[in-house]
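The structure under discussion appears below in the form of structure tokens.
The values are calculated or read from the model by the stated rules, or taken from the named source; none is laboratory data. As the structure is a computational prediction, the values presented were derived from the model and not from experiment. Every residue, glycine as well, gets a Cβ built from its backbone with ideal geometry; the counts of neighbours run over all protein chains shown.
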């Protein structure tokens, strides 16, 4: 088949290859759809192997090709060889695929892409001395503001769209490519909220939205947080929305993946301050052995 631009209509097709198969954040349909417009994602299927390519700041790349099942792993390796021979950049190879590929290909770790995984029980209740500072911020928020928490629904999703639009305007997203691309994706998620089957949480102060988050279960044990945004000036709002969302929506799951830090030192420090249980390593295929 020819390359096809990835759209919301492709959810079932992509899910057939990826749903429930990965603990990393990259391969579930919502994440792909989030970046589909900003990074011009296209896909095709060859020999029961899903191939997805995109462009990040003029740099073309391919996701790890995904076999439909174990019988297609041989075909997957052939597809990868063809891509490498064409000098295609193949990124975001999860740790669990390393041992299946390293006999044939050269793989190099990419620390900036590692996902941070936490215990949902720990983050939903902030138990223990190591979370004392986080819990103090939550308590101070609760004492300082007249707040409410609610789930994102078809009735209030337009308010979240307005909040995101204003947030992006304040952050000058239009002149920052990553934020501009992310904003396009977030608005696409919100406009297709029901179709995607994701969940969201809203934190209000005196009726005004001050933070929101979007996430979903990607397996029986794992949840991924796709988006978390808040206003400046409401100390503790990020800790509060993180805690409330997990406690209200996902305590029947064990682990939460809060995605990577993209090599940003401030973001890395923030993610490490929540004491991850594990970092999910990822690799880039750089050659054939």
Discussion item. For a quick check of your reading: which helices (runs of 4 or more DSSP H) sit entirely within the range 134-226 and have at least 3 residues that are assigned by the TED database to the domain that holds residue 236, buried (at least 18 other Cβ atoms within 10 Å of the Cβ) and touching a residue at least 40 places away in the same chain (Cβ under 8 Å)?
Written reply: 157-170, 177-191
Worksheet item: Going through the range 253-262 one residue at a time, which ones are modelled with pLDDT of 95 or more, part of a loop (DSSP other than H, G, I, E, B) and in contact with a helix residue (DSSP H, G or I) (Cβ under 8 Å, 6 or more places away or on another chain)?
Response: 253, 254, 258, 260, 261
Worksheet item: Does the range 233-251 contain any residue that is in a strand (DSSP E or B) and either assigned by the TED database to the domain that holds residue 149 or surrounded by 22 or more Cβ atoms within 10 Å (Cβ to Cβ) (or both)?
Response: no
Practice prompt. Provide a single number: the residues in the range 115-150 that are under 26 Å from residue 222 (Cα atoms) and touching a strand residue (DSSP E or B) at 6+ places or on another chain (Cβ under 7 Å).
Written response: 9
Response to the item:
Taking the range 84-113 and the residues there that are without any contact (Cβ under 8 Å) to a residue 40 or more places away in the chain and closer than 17 Å to residue 46 by Cβ, the one that is nearest to the chain's Cα centre (by Cα) would be 88
Practice prompt. Return the residue satisfying two criteria in turn: it lies in the range 42-66 and is crowded, with 21+ Cβ neighbours inside 10 Å and under 17 Å from residue 12 (Cα atoms), and of such residues it is nearest to the chain's Cα centre (by Cα).
Written response: 52
Discussion item. Can you say whether residue 50 is touching a strand residue (DSSP E or B) at 6+ places or on another chain (Cβ under 9 Å), closer than 21 Å to residue 216 by Cα and at pLDDT 95 or above, as far as the supplied structure shows?
Written reply: no
Discussion item. Can you confirm whether residue 118 is at pLDDT 95 or above, within 20 Å of residue 228 (Cα to Cα), surrounded by 19 or more Cβ atoms within 10 Å (Cβ to Cβ) and under 17 Å from the mean Cα position of the chain (by Cα)?
Written reply: yes
Worksheet entry | Residues being within 14 Å of residue 256 (Cα to Cα), in a loop (DSSP other than H, G, I, E, B) and out of contact with any helix residue (DSSP H, G or I) (no Cβ under 9 Å at 6 or more places or on another chain) - total across the range 271-289 | 1
